[in-house]
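Following: one structure in structure tokens, then a few remarks.
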Amino acid sequence: MNLHKNVAKYLADLRYALISPPIPHVRAKDPSAIAYYLYALDKVTAKEWHWLGYLFAKLPPNQNLWEFALICSHVAAHVPDLGVKFVDALADVCTGSYVEAQYEQMLQIFAEVFCIYRILKMPWSKDANFQHEPKGANGKRPEFRVLAGGAYFIFEVKAPSLLEHQRRRARAPTQIPARLHPDLTAALNASGGGGALMPRDNPVKDFLVDANNKFVGFESGGGVNILIIVWDDFIYEPLASLIGETGLLTVNSFNRIENKAVQYRAVDMVVCMRHLSVFQQGLAERELPDGRETMFDFGSNPRTPNVHVPTPWGKPVPELITNGLSSLNYNDEVLRDVAEYRTPELIIWLGGTTEIVSNDP
């Protein structure tokens, strides 16, 4: 593999020897990964302050950041210069100390890196070709495109800003995951539920609109278009926004034009990934859930999978994609008795316990 010049110079860096010894999670058999790690280290620590400065200053290398370097090496083998783009984006995200918006941007970059890495690991045909941010006929650029077997498979990755929502969620006595009829919301407020956490559905709507606008710039060529939404562990929130009583993929959608539900005809499937919490735990050096070794792993718990929602108008999506994203259909029997995958109308938090009010069967 021909390394980008910004990375190749680190193969002769004296610090290379410090990272090469047999440290358990540092697989020194990948010399380009060490070079990517050193490149990222220098880019981040050159900043006056960076959210990752502390972790990059540690020896041996932080396991999650080392995995990031390995991923950069892996993706660059398929898409030249993409590993460098990932490092540069991560390093350049911080322009001031403790700016929360920049922390959230960093999580969004990790979400993009994670999803593209997982897409590349899918068992595509040997003739597969990969493109990062290809330009459509309308000038818009989705995240990633795969040409395999004569068909195009296009992916858009989105992650919301959730920090303030997470704080409000922790304080709220009740939560309304999906939009209710205005009269019901007013009744809840009148009954003392005015502190209820409202739906976080506008970002989901914006994600669908933006993904659809990007996908329409391409001919499908027999493939499919996938929107991936990376959320935290409260996966019922995007699900309620998509398939709840007024869900965006239903005839009762709250997004309407001339009293008709807006359709996102170029989107064949939405995949909801419960992974932002994993990134947050990993960056805080806390134990990762569900047997993960790094924050870029899928968990081993069969009851906490990612979940996908085919659109009513969408084309069938190959299993290599849903399996590659560790995703089950939202109505899979495995999930029917798992609360996080239901779409409740109201959640009442009772001192550490949860009461769910739902019309689900």
Inset, instruction - Return the residue satisfying two criteria in turn: it lies in segment 162-181 and is small (Gly, Ala, Ser) and farther than 30 Å from Val216 by Cβ, and of such residues it is surrounded by the fewest Cβ atoms within 10 Å (Cβ to Cβ). - result: Ala170
Legend entry - Any hit, segment 276-293, residues being in contact with a strand residue (DSSP E or B) (Cβ under 9 Å, 6 or more places away or on another chain), open to solvent by less than 60 Å² (accessible area, probe 1.4 Å), under 16 Å from Glu237 (Cβ atoms) and at pLDDT 95 or above: yes
Inset, instruction - Only strands (runs of 3 or more DSSP E) wholly contained in segment 46-161 count here; list those with 1 or more residues that are out of contact with any Phe, Trp or Tyr (no Cβ under 6 Å at 6 or more places or on another chain) and either more than 22 Å from Gly217 (Cβ to Cβ) or of a type in the set (Asp, Glu) (or both). - result: 151-158
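Listed here are the residues, each with its yes/no results for (1) surrounded by 15 or more Cβ atoms within 10 Å (Cβ to Cβ); (2) touching a Gly at 6+ places or on another chain (Cβ under 9 Å); (3) modelled with pLDDT of 95 or more.
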{"site": "Ser300", "(1), (2), (3)": "no, yes, no"}
{"site": "Pro310", "(1), (2), (3)": "yes, no, yes"}
{"site": "Pro316", "(1), (2), (3)": "no, no, yes"}
{"site": "Glu319", "(1), (2), (3)": "no, no, yes"}
{"site": "Asn331", "(1), (2), (3)": "no, no, no"}
{"site": "Arg342", "(1), (2), (3)": "yes, no, no"}
{"site": "Leu346", "(1), (2), (3)": "yes, yes, no"}
{"site": "Thr353", "(1), (2), (3)": "no, no, no"}
Inset, instruction - Scan segment 100-133 residue by residue and report those that are open to solvent by 40 Å² or more (accessible area, probe 1.4 Å) and either basic (Lys, Arg) or touching an Asp or Glu at 6+ places or on another chain (Cβ under 7 Å) (or both). - result: Lys121, Lys126, Glu133
Inset, instruction - Within segment 85-95, identify whether any single residue is touching a residue at least 60 places away in the same chain (Cβ under 8 Å), crowded, with 21+ Cβ neighbours inside 10 Å and not aliphatic (A, V, I, L, M), and answer yes or no. - result: no
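The values are calculated or read from the model by the stated rules, or taken from the named source; none is laboratory data. Predicted model, so just to flag it, every value in this text is computed and none were measured. Don't worry about glycine lacking a Cβ; one is built from the backbone with ideal geometry, like all the others, and counts go over all protein chains shown. Please note that ligands, DNA and RNA were not included when accessible areas were found on the heavy atoms of the full protein model with its side chains. Shrake-Rupley method; radii C 1.70, N 1.55, O 1.52, S 1.80 Å.
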